[in-house]
Amino acid sequence: MATINEEWWEAINSSLADGTPCLLGSVSGDGQPQISPKGSILVHDASSLAFWERSKRTALANIQDNQQVVVYYRNPEKAEQLPQGACLRFYGTCRVVESGPEREAVMNKVVQRELDADKGRTGVAVIIDIARITDLRGADL
């Protein structure tokens, strides 16, 4: 497990409000890659990220087939808080939480704008256990 530096938490959690939503890279079971903007990505704890999957389309199908993902975050405006290139890449393994206290805990952390887009609260929590974090140049952090 990698540890998410506490100095980065605020930047990641405010990415949507800052106009720099995180991108989720996933791969389907047959090897087709996809990049999806995820405005709800947040720091779940010191070694995991999470997001609210409300659309339940290709990204969710990919995660169910292949749990390995990468989350890309970049915000040059926060360069003083971030490593080289004002960029973070988080590599990890996902798990989908469809019900229960862990789903509720993630939902309670999600930015209101994303929850408002899921009026029936039918989304699921996706938790990413982080194995590796790199900067823009690919150096391990």
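Using the alpha carbon gyration tensor of the chain, what are the three equivalent-ellipsoid semi-axes (square root of 5 times each eigenvalue), largest first, in whole Å?
22, 18, 14
Please list 3J(HN,Hα) in residue order for the range 30-42, calculated via the Karplus relation 6.51 cos²θ - 1.76 cosθ + 1.60 where θ = phi - 60°; whole Hz, with x for glycine and proline.
3J(HN,Hα) across the range 30-42, in whole Hz: 9, x, 8, x, 8, 10, 10, x, 10, x, 9, 4, 8.
If you plug each phi of the range 64-76 into the Karplus form 6.51 cos²θ - 1.76 cosθ + 1.60 with θ = phi - 60°, what whole-Hz ³J(HN,Hα) values come out, in order, with x for Gly and Pro?
Rounded to whole hertz, the list is 5, 7, 8, 6, 7, 9, 10, 10, 10, 10, 8, 8, x.
List the residues, sorted by chain then number, that are 5 or more residues from residue 136 or on another chain and whose placed amide H is less than 5 Å from its amide H.
When sequence neighbours closer than 5 places are left aside, the close amide H contacts are 87.
Any chance you could list the semi-axes, whole Å, largest first, of the equivalent ellipsoid that the Cα gyration tensor gives for the range 27-89, using √(5λ)? It would help to have the intermediate numbers written out before the result.
Working: eigenvalues 123, 36, 24 Å².
One finds semi-axes of 25, 13, 11 Å for the range 27-89.
Whole-Hz Karplus ³J(HN,Hα) for the range 123-129, in order, using 6.51 cos²θ - 1.76 cosθ + 1.60 and θ = phi - 60°, x for Gly and Pro?
Once θ is set to phi - 60°, the couplings for the range 123-129 become x, 10, 8, 10, 10, 10, 7 Hz.
May I ask for the distance between the Cα centers of the range 110-140 and the range 16-68, given as a whole number of Å?
Spelled out, the Cα-based centre of one part sits 6 Å from the other.
Values quoted throughout were computed directly from the atomic coordinates according to the rules given, and no laboratory measurement underlies them. Everything numeric in this text was worked out from a predicted model, so none of it was measured.
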